[in-house]
Amino acid sequence: MSEELKKEIEKRRTFAIISHPDAGKTTLTEKLLLFGGAIHVAGAVKSNKIKKTATSDWMEIEKQRGISVATSVMGFEYDGYKINILDTPGHQDFAEDTFRTLTAVDSVIIVVDVAKGVETQTRRLMEVCRMRNTPVIIFVNKLDREGRDPFDILDELENELKIKVVPLTWPINIGAKFKGVYNLYEHGLDLFTPSKQTISERVEIDDVNNPVVDELVGHADAEKLREDIELIDGVYPEFNVEEYLEGKVAPVFFGSALNTFGVKELLNCFVKIAPSPKPVVAEERTINPDEEGFSGFVFKIHANMDPNHRSCIAFVKVCSGKFERNVGYKHVRSDKVMKFAAPTAFMAQKKSVVEEAFPGDIVGIPDTGNFKIGDTLTSGENIHFKGLPSFSPEMFKYIENADPMKAKQLDKGIKQLMDEGVAQLFTSSFNGRKIIGTVGQLQFEVIQYRLLHEYGAQCRWEPMSMYKACWIESDDPAALDAFKKRKHQFMATDKEGRDVFMADSNYVLQMAQTDFPKIKFHFSSEF
Ligand code: G4P
């Protein structure tokens, strides 16, 4: 293995920040970019603001699609590390995009609002992290505002996110009386001065019993801090990096992103403990990042703003070896060799052509419809990466052609939008009708709009009552056959032709599970 490759891999940290909207993800991202020198003024990252607009504000969504290409991946250097932040959409209707982005990261930072605690979106995203044993660090934000007791927050994090937590910093008061945090990891006191520009002051303290603490925060708060620390020492185990890397324990930091407080400490700890790119399990074998042969997979496809040129950018996560411009790579699904003259990388919010990229990096490849989510590129080997599951959608509608002259365009549009991962397509085995499944109402509107503007096709939605689509399988072919016959009216296939049971209520699903013990029901397409 070349030393260069090894060094490049070790310095890479590729991660995503996830949160419920409004917890402070954009603000934290921006502050991290400020530390990395990638931006110079606050307010430069606006990728998330889609959530603030009315749900069906079309032009706004179109604009956001354009902006979010630039902020899809934000790379910067910090303290000798190469950091890649993968942006995830703030709007919950795009949760599926976020799920897929999580397949391309090596770790995650979760932002939680101290007043609101764990919210729905955070809980759902954490489920995906748990499935993949992704290491997570938690940042409890907005300590400058009134909020909940930090011990309550820790309990809630453990219970709701189902992961052990260990506080690495501890707040002294909260809200108007917030005085700073004691850093249990680096042994120091970080004093809080509300300001969006200055960075907190650090006082090194080896022991909370040091009288300096009383001088700095006042006797009463110093005593409370000592009590808290004693309790923490008694209740929480010592932080173990190995357990964090296995996704079993999450270190917790407290701070205020808006005031740039606690962010640097978070970043310093993050670069030290967060994993560099790990081996990836493919169907054929496990791929190690330090292998000479290049491999990578497409986890996101971004359609261009310009509807006249149906150009996209396919985002490829490099898994092993070195990616180079103008070198032929095999597109495994089509068995074709492709060369890329203008691959882009994302540094400091700027997109620029790159000559090479290493494991952990994301390369943007201009595309005109060759790529599908989940596609693999390699130096020649036939590799299929696992771990890009489709999740059971939550909303379903029949899609009908509203302009008989444009049937072909409609079919093509649907196919490409599905390849891009905008939504999922099922075909009823009963009547052949096409069903679109999404995670939010907004997607239906996006699909209709884009079909018209990019493909000149018109569609109409027809309601259907549907609870869940589950992928089914069985070791017993006769049992599978019997099930499919009994549920004939409710059977469909997904775009790969796999069997899907469309349960129209939770009751029906439960009954089916009881009545057909030999059938396995899956809620994501990978099992
Ligand atoms: P999101 O990406 O997770 O959705 O959250 P975002 O960063 O946009 O933050 C949501 C709101 O919370 C913003 O206020 C932001 O300024 C505020 N905020 C973030 N961190 C802190 C913090 O540490 N303390 C306090 N007090 N507020 C914080 P906004 O008024 O909704 O937006 P803006 O007009 O300020 O951008």
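Some observations on this one:
- When you restrict to C-alpha pairs under 8 Å that are six or more residues apart and normalise by the size of the chain, the relative contact order lands at 14 percent.
- Residue list for segment 507-525, given a label point 7 angstrom along the Cα-to-Cβ vector of D476 and an amide N cut-off under 12 Å: 515-520
- Pairs from the table (K82/K495; K7/K336; K31/K300; K372/K485; K386/K415) lying more than 28 angstrom apart at Cα are K82/K495; K7/K336; K372/K485.
- Annotation: extensible slack from S334 through R123 equals 72.2 nm (criterion: 0.36 nm per residue apart, minus Cα-Cα distance).
- Going by neighbour counts of Cβ atoms within 10 Å, the residues S524, S474 line up, fewest first, as S524, S474.
- Per-residue [θ]222 nm for the chain (sum of -39500 (n - 2.57) over DSSP H runs n ≥ 4, rounded to 500): -9000 deg cm²/dmol
- For the chain, the orientation-averaged shadow of the C-alpha convex hull comes to 26.0 nm² (one quarter of the hull surface).
- Per residue, the convex hull spanned by the Cα atoms of segment 388-476 measures out at 114 cubic angstrom.
- Within the chain: Cβ-based charge dipole about Cα centre, in debye rounded to nearest 20 (Lys, Arg +1; Asp, Glu -1): 2340 debye
- Simple spin-label estimate for E356 and F430 in nanometres, 7 Å along Cα-Cβ: 5.8 nm
- Cα-based radius of gyration for segment 320-463, normalised by 2.2 N^0.38 Å, reads 1.25.
- Working note: Karplus 6.51/-1.76/1.60 with θ = phi - 60° gives segment 441-455 the couplings 4, 4, 4, 4, 6, 4, 4, 4, 5, 6, 4, 5, 7, 9, 10 Hz, where Gly and Pro are set to x.
- The alpha-carbon atoms of segment 216-259, seen along their principal axes, cover 40, 32, 12 angstrom, with the largest extent given first.
- Charged side chains reduced to their Cβ positions (Lys and Arg at +1, Asp and Glu at -1) give segment 92-248 a dipole of some 680 debye around its Cα centre.
- Using the Cβ-Cβ distance between D79 and F151 with R0 set to 30 Å, the FRET efficiency works out to roughly 0.40.
- Relative to its residue count, segment 440-515 spans a Cα convex hull of 116 Å³ per residue.
- DSSP beta bridge pairing in the chain, given as percent antiparallel to the nearest 5: 75 percent
- Cβ-Cβ FRET estimate between N209 and V241, R0 fixed at 35 Å, reported to 0.05: 0.85
- Full extension of the chain segment joining S2 with S524 gains 184.1 nm, where the gain is 0.36 nm per residue of separation less the Cα-Cα distance.
- K224-T514 pseudo-label distance in nm [points 7 Å out on the Cα-to-Cβ vector]: 5.3 nm
- In percent, rounded to a whole number, the relative contact order of segment 181-299 is 19, using alpha-carbon pairs under 8 Å and six or more apart.
- Under the simplified labelling scheme, the H384-N506 pair shows an inter-label distance of 3.5 nm, with each label point 7 Å from Cα along Cα→Cβ.
- Among 8-19, 268-279, the order from most to least packed when residues are scored by Cβ within 10 Å on average: 8-19, 268-279
- The packing ranking of peptides 367-376, 131-140, 283-292, highest mean first, is 131-140, 367-376, 283-292, where packing means the average number of other beta carbon atoms within 10 angstrom of each residue.
- Cα gyration tensor shape for segment 160-286, rounded if a/c is under 1.5, else prolate or oblate: prolate
- Cβ-based exposure ranking for H488, H20, in which fewest neighbours within 10 Å come first: H488, H20
- Sorted fewest first by neighbouring Cβ atoms within 10 angstrom, F521, F444, F315 come out as F521, F444, F315.
- Only Cα pairs under 8 Å and 6+ residues apart enter the sum, and on that basis the relative contact order of segment 405-527 stands at 28 percent.
Read-outs throughout are calculated quantities, based only on the coordinates presented, and are distinct from any laboratory measurement. Note that the structure is a prediction, hence the values are computed from the model and not measured. As a convention, Cβ positions derive from the backbone with ideal geometry for all residues, glycine included, and neighbour counts pool all protein chains shown.
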